[in-house]
1. Among the residues of the range 13-35, count how many are under 20 Å from the mean Cα position of the chain (by Cα), surrounded by fewer than 21 Cβ atoms within 10 Å (Cβ to Cβ) and in contact (Cβ under 8 Å) with a residue 24 or more places away in the chain.
2. Among strands (runs of 3 or more DSSP E) lying entirely in the range 17-78, which contain 1 or more residues that are at pLDDT 80 or above and on the phi < 0 side of the Ramachandran plot?
3. Kindly indicate whether any position in the range 96-111 is within 19 Å of residue 36 (Cβ to Cβ) and either in contact with a strand residue (DSSP E or B) (Cβ under 7 Å, 6 or more places away or on another chain) or assigned to a strand (DSSP E or B) (or both).
4. Looking at the range 42-58 only, could you name the residues that are crowded, with 19+ Cβ neighbours inside 10 Å and more than 25 Å from residue 94 (Cα to Cα)?
C-alpha cells in the first residue's frame, strides 16, 4: 500500500457482515492504525455511537446502481478533519492536512494570513473564518506528484470510497457529520 492509499468502501457491515444494499444508510469509520488508515462501514441499523479508538466518521448512503456517484460533503466534516490532524507529526498526515487546508482556503473557509519559519519548518498561519481562530499549517513542500496523489485520495474519501478514510485519529468528540445529504455544503465530483 502506498503512503496515500486508503481502503475503499467494503459494502459490508463490520458488525453484522450483511452486504449493504443500494439506498442503505451507513456510517463509515476511520481508524488510525500503524499501517495507516483503516476504514470500516456500519449499517445504520446497528449504529449507536462511534467505536472506541476511531479517528473520524461520517454518515453516507450506498448509491443506487443507476446513480452517478456524486456526493455532497459537509464543509464541517472537512474542517473537522483538518483540525484533528493538527498535532499529527507523520508525514502522510501532514500532507493530508496541507491539501485539506488548500481546499478549505479555496472554499474561503480558511484565510491565509502569513508565513512563519520556525526551526527550519515553514508554517502557514491561517484563520478559520467561522470562528476567527488561527491555525499553523506545516507546508511540507510537497512535489506536484505528491499533491496529485493526496488530492486523488481526498477525492476518493469525499466520494465515499470506503478505503479512503483509514488514516485518522480517535480523539474527536462524538457528533454525527452527514457526508451524503442534500443539505450539506460541498458538491464533490
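1. Result for the range 13-35: 4.
2. 25-33, 36-43, 54-61
3. Yes: the range 96-111 contains one or more residues that are within 19 Å of residue 36 (Cβ to Cβ) and either in contact with a strand residue (DSSP E or B) (Cβ under 7 Å, 6 or more places away or on another chain) or assigned to a strand (DSSP E or B) (or both).
4. Within the range 42-58, 42, 43 meet the criteria.
The values are calculated or read from the model by the stated rules, or taken from the named source; none is laboratory data. Here the structure is a predicted model, which means the values were calculated and not measured. Reconstructed Cβ throughout: ideal geometry from the backbone, glycine too, with neighbour counts over all protein chains shown.
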